[in-house]
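The values are calculated or read from the model by the stated rules, or taken from the named source; none is laboratory data. Note that the structure is predicted; figures quoted are calculated from it, not measured. Please note: Cβ atoms are built from the backbone with ideal geometry, for glycine as well, and neighbour counts cover all protein chains shown.
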């Protein structure tokens with residue numbers, strides 16, 4: 001059944017409320033959230049250790065960090081559509097098994113190529129987990145307020161995994177080899193595989209039709225070459241291969257859209273994007289993740305390579321901004337019941353822009369509280385944005401299409417994170433290379449000079465080998481150049497956030513003004529006035545009246561990432577410093 005054929009229930013009907021079984025099932029769904037978010041954040045501090053043992057080239061190091069996010073993003077739509085067809089519980093459990101096995105392969109990788117392959121398999125597993133959990137929440141909780149609470153708990157698990165992951169990683173790296181950080185997935189995987197069949201009901205769309213294999217291949221061919229081309233052009237300038245990859249990705253994207261318009265059983269119902277609330281939510285989430293993930297790696301490297309903190313110490317300091325923003329999503333939810341959500345989302349972007357501007361004054365010798373305050377401010381603003389945007393998008397999707405809708409939302413955040421790492425990371429890298437060039441001592445061997453120019457970690461290693469004052473001068477110059485790159489990157493992020501605030505005010509005004517109490521749910525609920533619009537049939541008109549009450553944080557995030565300037569960081573999926 002298409003979205004446009006959906007008709008609202010009578011005003012007297014109301015959605016069924018979840019009971020003990022549904023809330024217990026939610027507890028099971030938290031396990032894969034922890035699985036995915038911890039896997040990303042634990043790699044944050046393991047990069048220097050695995051680099052020392054596996055000795056990857058600069059290109060291989062980037063792919064170790066990037067391939068997880070790229071594969072995950074490329075397969076999200078495929079896995080969302082597959083879950084709608086074969087069953088979301090079945091897909092979730094299959095993905096958990098694959099994720100656990102791939103984690104073992106990553107832990108015992110004997111070469112950089114093997115680790116890249118294992119990270120790619122982790123991306124396949126992760127692509128099954130995230131849309132499955134959100135889709136099951138959409139099916140379990142039909143009441144808007146209960147679903148808001150469920151999404152809030154889900155978000156707390158994601159954020160908690162992101163925050164706890166680096167701390168556990170630091171503990172493990174203090175006592176064990178780098179591969180141990182991947183083995184942390186095993187307990188959560190075992191619990192999910194044991195408890196999932198007992199507690200999670202199965203949901204699938206009986207009218208979904210045959211799986212569109214051609215569309216699946218086109219979606220993957222659209223995502224991977226496009227992101228690769230953007231990353232390479234941003235880092236190294238225009239070249240033939242990246243341009244061809246980008247053009248190929250865009251052509252595949254056009255072919256995918258055409259396929260979805262003409263296929264008898266499309267993977268993705270394009271009516272999703274005819275609804276202004278849904279399509280704008282995806283766009284704004286993409287912009288939020290662009291800034292979060294693009295800047296997060298800079299601050300991890302700043303703590304470790306500029307301030308000289310150990311992985312454990314840096315991970316513990318990372319917890320503070322995460323704790324500071326915990327109350328922002330509920331605050332945004334409460335405000336959304338009284339104020340037009342367009343104003344709240346715009347305010348969130350404005351707050352984030354202010355945090356980035358604050359951090360543009362960061363210096364190598366700045367006080368630690370200066371970093372923590374700026375990170376808390378920009379993370380608080382973006383949590384407000386994403387908590388409202390995610391619940392709006394999920395609430396608008398009919399339950400039988402929840403898998404596809406969740407996958408589209410996740411794809412937007414993953415793409416935003418990848419673009420942020422590529423573009424902001426490349427900007428910071430360019431500024432670093434420009435600043436470090438004149439500070440290199442004369443007479444350095446070409447290999448040492450190249451390493452120092454490439455990354456902050458390389459410069460620190462070269463400085464440690466230089467005698468006396470020469471080493472100290474290079475160390476100071478490298479840290480200053482890195483901080484200059486950080487300053488430029490956060491100013492660009494601030495500009496993007498300001499533009500996003502204008503977009504939110506322009507495109508979302510009137511959607512959910514004054515708070516929304518009703519919802520166009522399959523289970524059926526009329527709004528307070530007794531009228532529910534068919535949002536998918538009406539397009540823009542009355543879209544806000546079809547949205548359920550919004551609640552709960554979802555500090556989502558993106559995985560993977562690149563290491564634009566230093567060797568101590570990795571990608572992040574979350575808020576605050578990491």
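Here is how the numbers come out for the structure above:
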quantity	calculated
Unique residue being more than 23 Å from residue 478 (Cα to Cα), more than 17 Å from the chain's Cα centre (by Cα) and not in a helix (DSSP H, G or I) when the list is 264, 259	264
Number of positions in the range 438-472 that are touching a helix residue (DSSP H, G or I) at 6+ places or on another chain (Cβ under 7 Å), assigned to a helix (DSSP H, G or I) and more than 20 Å from residue 298 (Cα to Cα)	6
Residues that are over 12 Å from residue 190 (Cα atoms) and not in a loop (DSSP other than H, G, I, E, B), drawn from the range 99-114	102, 103, 104, 105, 106, 107, 112, 113, 114
Condition met for residue 220 (in contact (Cβ under 8 Å) with a residue 40 or more places away in the chain and closer than 16 Å to residue 76 by Cα)	yes
Single residue of 227, 190, 194 found to be part of a helix (DSSP H, G or I), under 27 Å from the mean Cα position of the chain (by Cα) and surrounded by fewer than 15 Cβ atoms within 10 Å (Cβ to Cβ)	190
Qualifying residue in the range 47-68 (condition: under 14 Å from residue 125 (Cβ atoms) and not in a loop (DSSP other than H, G, I, E, B))	yes
Members of the range 455-493 found to be under 31 Å from the mean Cα position of the chain (by Cα) and more than 23 Å from residue 291 (Cα to Cα), listed by number	457, 458, 459, 460, 478
Some residue of the range 300-310 being in contact with a helix residue (DSSP H, G or I) (Cβ under 8 Å, 6 or more places away or on another chain), surrounded by fewer than 18 Cβ atoms within 10 Å (Cβ to Cβ) and at negative phi	yes
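Yes/no per residue for (1) at pLDDT 85 or above; (2) under 24 Å from residue 314 (Cα atoms); (3) out of contact with any helix residue (DSSP H, G or I) (no Cβ under 7 Å at 6 or more places or on another chain); (4) assigned to a helix (DSSP H, G or I):
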position	(1), (2), (3), (4)
39	no, yes, no, yes
77	no, no, no, yes
94	yes, no, no, yes
116	yes, no, no, yes
123	yes, no, no, yes
